[in-house]
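Worksheet for the structure shown next.
The values are calculated or read from the model by the stated rules, or taken from the named source; none is laboratory data. For clarity, every value in this text was computed on a predicted model and none was experimentally measured. When we count neighbours, we look across all protein chains shown, and the Cβ atoms used for this are built from the backbone with ideal geometry, even at glycine.
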Amino acid sequence: MTNQMVKKEESGLVALNDFKAEMGDTKLVNIRSEILKIPRLKLTQKMSKAADGLAVPGEFSCEVRGENYGSEVKIIPIMIRESASYLNKETSELICRTNDLLKSTNGDLCSNCPHEQNWADWGNGDDSKVPECKLSIDVICLVNDDLIPMELSFRKMSYKAGKSLCNMVYVDKMGVPFGSQYTLISSQATKDQWEFHVINPQIKKEIIDDKTLNEIIPVVKNFIHMEKAGKVERDETVSDDEPLLTPVGEVEGEDSVPL
């Protein structure tokens, strides 16, 4: 990049900052918060959309925000929940989802799953089976000191890391999910002849300082109020949140998660 190009870029940023300062509190995007979806943080896999220019496999990224966070990311959890989803293996389209592990978003009881793929039904004895509806640990979090909440799902091969995070949050001495910051690192893994990336279950934990705590508490309060009012909309597409171990249309090997 030439010095002339750098100067042009810098002058553009200066002009933009001047513009923001001049506009003050004037909102250029003034819409109801309930029509906005939470951006999704993903670990890029070989078949992920983000792998097409935004990030390489093994890097955390957010397509909505156009951000590449690299192979290591720091998160501050705000809220954690469990869900389960059943996807079409050939198209990766969502067939059924439950947000409470009791009933689907269509109102069907999981215990009476119309697809016979109940996440909790592993059979027994000679009738043992692996359900196609997979558990997920979904974490609403702040990423790398940004104050915009995002959602990260620990599903299938990264489910173990999600359990590790939950246990660390549960025993946190601050008594709230956002009392500490957690560093997530991606790792390459293999299963049979397939290679993919997972979130490493060895997670580093750091207590956040008072300054950071004071900054995020208003964000957490606002999110909780929106959640209670039913104004939080999540992206239900989960196919990019998990490794695709086989080409679309082929049969995948036995799933080892959850354990």
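Points worth noting:
- Condition met for residue 238 (buried (at least 17 other Cβ atoms within 10 Å of the Cβ) and at pLDDT 85 or above): no
- Residue check, residue 165 assigned to a strand (DSSP E or B), buried (at least 19 other Cβ atoms within 10 Å of the Cβ) and in contact (Cβ under 8 Å) with a residue 24 or more places away in the chain: no
- Candidate set: region 168-182, residues that are part of a loop (DSSP other than H, G, I, E, B) and not charged (D, E, K, R); chosen: the one farthest from residue 220 (Cα to Cα): 171
- Extreme residue, farthest from residue 135 (Cα to Cα), among residues of region 69-108 that are buried (at least 16 other Cβ atoms within 10 Å of the Cβ) and of a type in the set (S, T, N, Q): 71
- Every condition in (1) closer than 24 Å to residue 68 by Cα; (2) out of contact with any Pro (no Cβ under 7 Å at 6 or more places or on another chain); (3) charged (D, E, K, R) is met by residue 160 except one, and the failing one is (2).
- Qualifying positions in region 21-57 - surrounded by 11 or more Cβ atoms within 10 Å (Cβ to Cβ) and modelled with pLDDT under 70: 33, 34, 36, 47, 48, 49, 50, 51
- Residue check, residue 202 polar (S, T, N, Q) and assigned to a loop (DSSP other than H, G, I, E, B): yes
- Given (1) without any contact (Cβ under 8 Å) to a residue 60 or more places away in the chain; (2) touching a helix residue (DSSP H, G or I) at 6+ places or on another chain (Cβ under 8 Å); (3) not in a strand (DSSP E or B), index of the condition residue 57 fails: (1)
- Once region 93-145 is narrowed to residues that are under 30 Å from residue 180 (Cβ atoms) and among the hydroxyl-bearing types (Ser, Thr, Tyr), the residue that is nearest to the chain's Cα centre (by Cα) is 136.
- Residue match in region 183-196 (condition: touching a His at 6+ places or on another chain (Cβ under 6 Å), part of a strand (DSSP E or B) and surrounded by 15 or more Cβ atoms within 10 Å (Cβ to Cβ)): yes
- Among residues of region 110-129 that are over 18 Å from residue 159 (Cβ atoms), those with a beta-carbon under 9 Å from a residue that is polar (S, T, N, Q) and not in a loop (DSSP other than H, G, I, E, B) at least six positions away or on a different chain give the pairs 113/104; 114/104.
- The strands (runs of 3 or more DSSP E) falling completely within region 61-104 that include 3 or more residues that are closer than 18 Å to residue 46 by Cα and without any contact (Cβ under 8 Å) to a residue 40 or more places away in the chain map to 67-70.
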